[in-house]
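Read the structure below first, then the notes.
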Amino acid sequence: MARGSYGHADYPDAVPAPAPLRTRVSELLGTDYPIVQAPMGYIARAQLASAVSAAGGLGIIETSSGRLDEVTVEMERMRELTDRPWGVNIAQLFVRDPGIVEFVAGQGVTFVTTSAGDPTRYTEALHDAGITVFHVVPSLRAARKAVDAGVDGLVVEGGEGGGFKSTRPVSTMVLLPQVCAAVDVPVIAAGGIVDGVSMAAAFALGAEGVQMGTRMVASAESPVHDAYKRLITDADATDTVLLSASTPSWSCTSRATSRARSPSEARWRDGLTAWFPSPTSSTGRWPASTSA
């Protein structure tokens, strides 16, 4: 994912990168391409985020793990690994530190996505700190509320996206043009974006940028185990598993274990329990990666 090539710079099949793509999103972010890496808990750290930024996109450091001491170290590593723009996500459901805005601003961050909460909570304070704010929304109603709160842009995430979802998810194909027709702020599309074709489709529906999560998890620079990456790359279109429609906790993993009904779902179940232990498990850590 090194800048100037697709994939890792050491790969012999690396090819020249395309010319920069200018949209309101890339201009706001200061990136070559309006491509944002999703803020996946424990995964969206310096190893992955710095590679995305170095390649011309925008790497994001997560805070949803709640381990701000570790996140501080990751931000320091980002400054060592790349001089390109990068950002931070504030997932309000998981980060309850009243000083989170001061914490992020103190790290020199200039771009933040806020999610899993009320857009009015941090937007003004982030703006006062000179930080650009995009809020993640799963519906038109949420998009209008975020715009009214003064955000600079939106991440419009359809039900195809991974992570914690709305209990009433709307397809990206339906949600994205609906929101884009109703707001004037720049929109980043998320949910089911995996390649240039799906990125072009998102642009046709009104977006000016894309956010990718699962696709980034499967990349060489992702810190997760190769076995889990293979689960992603080998999966079929019907292999997506909804772990829980209501419980925002790690108990959703055991719920998936008890309801597996197919070989493909069982593979996902086994991969989750083997490579993604609960933070309350004996290790409480992501396993070390064996990837390049």
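FYI, it's all coordinate maths here, none of it is from the lab. The model shown is predicted, which means the values in this text are computed figures rather than measured ones. As a convention, Cβ positions derive from the backbone with ideal geometry for all residues, glycine included, and neighbour counts pool all protein chains shown.
Calculate, for Arg144 and Ala237, the FRET efficiency according to 1/(1 + (r/R0)^6) with r their C-beta to C-beta distance and R0 35 Å; round to the nearest 0.05. With R0 = 35 Å, the Cβ-Cβ based efficiency is 0.65. Between the beta carbons of Arg79 and Asp226, assuming R0 = 22 Å, the FRET efficiency works out to 0.20 to the nearest 0.05.
Sorted ascending by nearby beta carbons within 10 Å, beginning with the fewest, His135, His225 become His225, His135. Fully extending the segment from Arg22 to Tyr42, taken as 0.36 nm per residue of separation minus the present Cα-Cα distance, adds 4.1 nm.
Charged side chains reduced to their Cβ positions (Lys and Arg at +1, Asp and Glu at -1) give segment 24-217 a dipole of some 540 debye around its Cα centre.
Peptides 111-121, 183-193 ordered by packing proxy, namely the average of other Cβ atoms within 10 Å per residue, highest first: 183-193, 111-121. For Arg168, put the label point 7 Å out on the Cα→Cβ axis and report which residues of segment 125-152 keep their amide N under 18 Å from it. Residues 137-146 fall inside that zone. Extents of segment 24-217, taken as max minus min of Cα coordinates on every principal axis and listed largest first, are 39, 32, 29 Å.
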